[in-house]
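What follows is one structure encoded as structure tokens, with my remarks underneath.
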Amino acid sequence: MKPAPFGYRRPGSLAEALTAYADASDAKIGAGGQSLIPLLSMRLASVAELIDINGIEELSRITVSEDGVRFGATVRHSDLLAHEQVAAVQPMIPAALHHVAHATIRNRGTTVGSIVHADASGEMPTVFALLDGRLTVQSVRGTRELAAPELFIGPLETSLAADEIATEVFLPALAPRHGVAFDEIARRHGDYALVGVGAVVGLDADGAIASVRAGYVSVSEVPTVVDLGEPLVGHRGEITDDALRAAGELALSHLEPEADIHATAHYRAQLVRVLTGRVVRAAYDDAVARSNRSEGTPSNARS
Amino acid sequence: MTTKSIGEPIARVEDARLVTGQGRYADDLMPGALEMAVLRSPHAHARIVDIDLEAVLDLPGVHAVYTYDDLTGPMAEPLPLLIPHPTLTHGRTQYALAKDEVNYVGEAIAVVVADDRYIAEDAVGRILVSYEFLPPVVGIDKARAAEHLVHDDVPGNVAARMEQGFGDAAGAIAKAPHKLVLDIEVERSAATPMEGRGTVARWDRDLGRMSVWSSTQTSTGVRAAIASKLGLDLGQVDLVTPDVGGGFGVKIVHPWPEELLVPFAARALGRPVKFIEDRREHFISSAHERGQQQHIEVGFDEDGRVLGVDFRFWHDHGAYTPYGLIVPIITSTQFLGPYKIPNYHVVFESLYTNTVIVTPYRGAGRPQAVYAMERMLDAIAAHLGIDRTLVRERNFIQPDEFPYAHGEMSFQDGRPLVYDSGNYPELMAKAKALVGWEDFERFRDEARAEGRKVGIGIACYVEGTGVGPYEGGHVTIETSGKVKVSTGLTTQGQGHQTAFAQIVADELGARFEDVEVVTGDTRRSPYSVGTFASRAAVMSGSAIALAARKAKEKALRLAAQALEVDESDLEINDGVVSVKGAPGTSIDLGTLAVLSNPLRYAFDEASKAATQFVVGDPGKPPVPEGEEPGLEGKDFYSPMRSTFASGIHAVIVETDPDTAEIEILKYAVVHDCGTLINPRIVEGQIHGGVAQGVGGALYERMEYDESGQLLNASFMDFLIPYVTEIPKKIDIDHQVTPSPLNPLGIKGAGEAGVIPTAAAFASAIEDAEGITITSMPISPSQLFDLRLQAAADGTTNQEGTN
């Protein structure tokens, strides 16, 4: 388990990295290394040159504003988890990050790297899609922003050009009267989810459900978000089991659970049903709690 | 009076070193050694047509490439068949490097020795092998069907067919008022120690000595194999086991091809050479275990008393049989457990498949045996509608029936299957109390009212431990008063340095802190067998106790002369020999060590006191007749037969009605390993065993596809339970029925934790679900399927039968 020979470069500035990447052939960008390095070591992948961007100071920043959370390409999962203001602005981020592998992997792995790895069994690509995140990519040719539909074009495949580096991600703040929840079922704690679900539920001014969107992990080829509003919009108080069952079936009609050595396709389908119900209910409860809190203390709402 | 050390939960002296990264494992040794990498077969069954090394030979940093054609003499012969049981009629072993044919994905074909492992792997990637594909035989069904053969000259893929028994099983079953038939199975798993295999060798051309360090469970076995295969005298080869990061059975197999090829290359190249197995290699080239299909026919009476059993099973032996039939023989004998089975017939077939070899993994055939027996007893209880513990109690061997012989059965060592001691009814009483068996129905009702599903399971086992032929102990007291102990068997994390020191401290009367134990070093202990079969404490513990007694006798003899008193008036405490009742008249062990060794040369103050001018009776030789210089004791322990430990595990599980996830609510272990040397170490063994048992019950399986590719050859997909998956707490109760077979009354404890675990979980899940469990391990996805199947068949029992 030793990689084949490859070149290594550690640029000190983004400009240097962009030039190097544009000039290189068969190069890869490395930050957290939690996917690429094992692939290289098992010789399942090889590169001519590894461009290590960990020395680029500007990529390590986290900026939290009322609008949302912006973080650079070398920000670790654990950095986001440890940041005091992230949870207040977008609680989905820590809710999902707790399910990303184990502490040691979160200490090295980067959230931007995870998103552009575009693995539909990773939590953060789905969160990126669910929250309508925006990815900034740069090259010597310029800068552009991508949302999930343009970014994820196939299994483990993005629309980034060969000379483009993902530099930062912006995840918008949770809107007022909205709530979130994330849950997943894995064979072991920290494993890839058999199925994972994140949901964002919005309420109208009267406390009835106005919107429900859910993002799914491990049951589709690309990170998939399903609008579950149809069976749920208008509900107040306890959501009925029937409505949640309908939401689960609706979700399944947009997903393609597949069998692997850990679970059959119909077991995954069952988990989609069960988790959809659990997560939507939890996100709804969260929305109600947040609404009550902000109404109770309007002057403190999202200071 | 010295505090008694045996029986005390002394903290392990080795832990501070090991947990702070101070351990020295094979890969820590000999930095700068050349490194070996292995080209392994990517195909499960193929003939090798051609090996093209052209692209490798001129690669900078490559020192040698070897294929079968480079092997000569004994190295060109097949690897040894270590345990040639007479019924192993078609035993086959591989070559150190494949000759003409490969029989599993992972079989070694060529090795490269290079400056470092990176270059060695680059070179391996450049070797071109042409294969002619042969049809792979994967899984027991395919092996039994024998449409294709693994080895052309082994008809039916049957390596061995073994039949044993006593009484008239068929007749008893035919006449029995009740009869049941079970078809069940257990899947493959593997030991997967944290450290894989590793070997380092250095050939000293000037001295003609081969020094080898190997991550093995048998120093003497590997040494003998290397000497034999490389044409060296045994005395030219030293084998030292460094710290070993776990073995669990896989490292008792020897010699692995690399254990021979590393010293072979070291001698050829005149440079130290190292091989360190990586994780992927471990999955596809080190041994697996467990896979069996079982068919049981049992006859029993209205009370659930077993009248006769016919047990047939098919054992997946992988591609070769280097370790003989140990695993299936243990299954066939230990099936009997703590029960009096009046009529028993067992027959098994060991089958070749194009997969990694199968050799003992902690438990070694017992988990399968206990699973078969306990599934059978659960089925009897369900059939008769009586409590599962009652069925077991009614079949127990009673405490006054020891020694208990199971007819004319022989055990894995060829000796009669005779249990030495035990008290199974008391174990059961303790287990029921510990798990809360009698209160469980109330708990089930409460849970059910909340829409929860819970179940309780129980499984009993008897484990033959401390198998022969022998181990030795050597206790030397140095002039400093330090006590140096050596035994030849190896250590891979068991805490031998602590447990053996406790024995010596007590037997000799030394301070525990003064005792230092060395294991697995053939320079110190050339005669030894190895660490497996829960035998270290029984075998080496006994040998060390006997050796310490000899050292004590000599110390007392010397002290009696020095103090001019009678030996019987002396006692040894904390390393000081003193006259009973007159503690002022004393001499310490270090001084006695000085006196024991009359010197010609004085090189320090201590030795001045021991020169021939000072020591001894001028009327006698400096070393009196019948004595030897030095204060030491040496002895061996060789038992008539194995000693049988026993225990019961009970588990309460909760199964999620929606997701079929299986949660462990309570895990209880009652355990009898005779005299406890160190309860803390025994409990650690149980904790680790239960963790591996949980793996075998709920997580671990080898996913071979039809072509013989192992699909989950990584820790990402081979699911060893994390600390988050094993019970937060394991309730343990000890029972002590000492063994009459050895000086300390010890029975083995190393494997017990893993043995009944899958059986207990099967029982508990069946109880929670009301669905018959016939295959382990079981995943939530599989349990979900069973629910759907049961719902479709209408076979779900609504009530569990406690």
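Here the relative contact order of segment A:57-172, from alpha carbon pairs under 8 Å that lie six or more residues apart, stands at 28 percent. Taken residue by residue and averaged, Cβ atoms of other chains lying within 10 Å of the Cβ of B:780-790 number 4.
Bridging of B:LYS4 to aspartates and glutamates at a Cα separation below 18 Å is possible for B:ASP506, B:GLU507, B:GLU513, B:ASP514, B:GLU516, B:GLU571, B:ASP574, once same-chain residues fewer than 8 apart are set aside. Taking amide hydrogens as placed 1.01 Å from N in the peptide plane, the amide H of B:SER525 sits under 5 Å from that of no residue at least 5 positions away in sequence or on another chain.
The value obtained for segment A:57-172, namely the Cα convex hull volume divided by the number of residues, is 99 Å³ per residue.
Computed from backbone phi with θ = phi - 60° and the Karplus coefficients 6.51, -1.76 and 1.60, the 3J(HN,Hα) list for segment B:294-304 is 10, 10, 10, 10, 9, x, 8, 9, 4, 8, x Hz; x is used for glycine and proline.
Its relative contact order, with pairs defined as Cα atoms under 8 Å and 6+ residues apart, puts chain A at 15 percent. Residue pairs exceeding 26 angstrom between C-alpha atoms, taken from B:LYS482/B:LYS634; A:LYS28/B:LYS274; B:LYS554/B:LYS580; B:LYS482/B:LYS554; B:LYS142/B:LYS175; B:LYS340/B:LYS666: A:LYS28/B:LYS274; B:LYS142/B:LYS175; B:LYS340/B:LYS666. Every helix of 4 or more DSSP H residues in chain A counts as -39500 (n - 2.57), and over all residues that averages to -9500 deg cm²/dmol at 222 nm. Per-residue ellipticity at 222 nm, computed for chain B from helices alone with -39500 (n - 2.57) per DSSP H run of at least four residues, works out to -7500 deg cm²/dmol. Size check on the protein assembly as shown: the Cα extents along the three principal axes, sorted descending, read 111, 77, 70 Å. On the beta carbon distance between A:GLU57 and A:ILE153, with R0 = 45 Å, the FRET formula returns roughly 0.90.
Measuring how big segment B:693-802 is from its alpha-carbon positions, Rg and Dmax come out at 18.5, 60 Å.
The alpha-carbon positions of chain A define a convex hull whose volume is 128 Å³ per residue.
What percentage of all Cα-Cα pairs in segment A:178-293 are separated by more than 23 Å? Within segment A:178-293, distances greater than 23 Å cover 26 percent of Cα pairs.
Using every Cα-Cα pair within segment B:328-375, state what percent have a distance larger than 18 Å.
Summing the P(r) tail past 18 Å for segment B:328-375 gives 35 percent.
Using the Stokes-Einstein relation with a Kirkwood hydrodynamic radius computed over Cα pairs, the translational diffusion coefficient of segment A:127-228 at 37 °C and a viscosity of 0.692 mPa s comes to 214 µm²/s.
The calculated P(r) of segment A:1-99, using every Cα pair and 10 Å bins from 0, goes 15, 36, 29, 18, 2 in percent. Computed over protein heavy atoms with a 1.4 Å probe, the carbon and sulfur contribution to the accessible area of segment A:12-99 reaches 48%. The equivalent ellipsoid of segment B:247-369 has semi-axes of 40, 12, 11 Å, largest first, where each one is the square root of 5 times an eigenvalue of the Cα gyration tensor.
Less than 5 angstrom separates the built amide H of B:ASN712 from those of B:GLU703, all sequence-distant by 5 or more or on a different chain. The convex hull defined by the C-alpha atoms of segment B:475-617 has an orientation-averaged projected area of 9.6 nm².
Under 19 Å from a point 7 Å along the Cα-to-Cβ line of B:GLU513: which residues of segment B:455-485 have their amide N that close? Only B:478-485 fall inside the zone, counting backbone N under 19 Å. At the listed q of 0.16, 0.23, 0.29 Å⁻¹, the Debye profile of segment A:7-55, built from one uniform point per Cα, gives log10 I(q)/I(0) equal to -0.41, -0.80, -1.11. Each Cα pair under 8 Å and six or more residues apart adds its sequence gap; the mean of these over the residue count of segment B:168-312 is a relative contact order of 41 percent. Using the Karplus relation 6.51 cos²θ - 1.76 cosθ + 1.60 with θ = phi - 60°, the per-residue 3J(HN,Hα) values for segment A:88-97 come to 5, 7, 9, x, 5, 4, x, 4, 7, 4 Hz, with x marking Gly and Pro. The alpha-carbon positions of segment A:116-176 define a convex hull whose volume is 78 Å³ per residue. Whole-percent P(r), segment B:294-422, all Cα pairs, 5 Å bins from 0: 2, 10, 19, 21, 19, 13, 8, 5, 2, 0. Centre-to-centre separation between the Cα atoms of segment A:155-187 and those of segment B:332-366: 52 Å. Extent of chain B along its three principal axes (Cα atoms, max minus min coordinate, largest first): 95, 75, 49 Å. Here's how it looks for B:ALA46: its modeled amide H is under 5 Å from those of B:VAL102, B:LEU134, which are all 5 or more places away or on a different chain.
Here the Debye sum runs over all C-alpha atoms of segment B:557-714 as equal scatterers in vacuum, and log10 of I(q)/I(0) at q = 0.08, 0.12, 0.14, 0.18 Å⁻¹ comes out as -0.59, -0.78, -0.91, -1.16. Chain B against chain A buries an accessible area of about 2400 Å², both chains summed, 1.4 Å probe radius.
The Cα atoms of segment B:424-497 cover 72, 28, 22 Å along the three principal axes, with the biggest extent listed first.
Converting phi to 3J(HN,Hα) with the Karplus coefficients 6.51, -1.76 and 1.60 and the offset θ = phi - 60°, segment B:479-485 yields 5, 6, x, 5, 10, 9, 10 Hz in sequence order, with x at every glycine or proline. Annotation: per residue accessible area for segment A:7-55 equals 48 Å², rounded to a whole number [probe 1.4 Å, protein chains only]. Relative to the dominant Cα principal axis of chain A, helix A:14-23 is inclined by about 70°.
The values are calculated or read from the model by the stated rules, or taken from the named source; none is laboratory data. The structure presented is a predicted model; accordingly, all values stated were derived computationally and were not measured. Cβ: placed from backbone, ideal geometry, glycine included. Neighbour counts: every protein chain shown. Note: areas computed on protein heavy atoms with side chains; ligands, DNA, RNA excluded. Shrake-Rupley method; radii C 1.70, N 1.55, O 1.52, S 1.80 Å.
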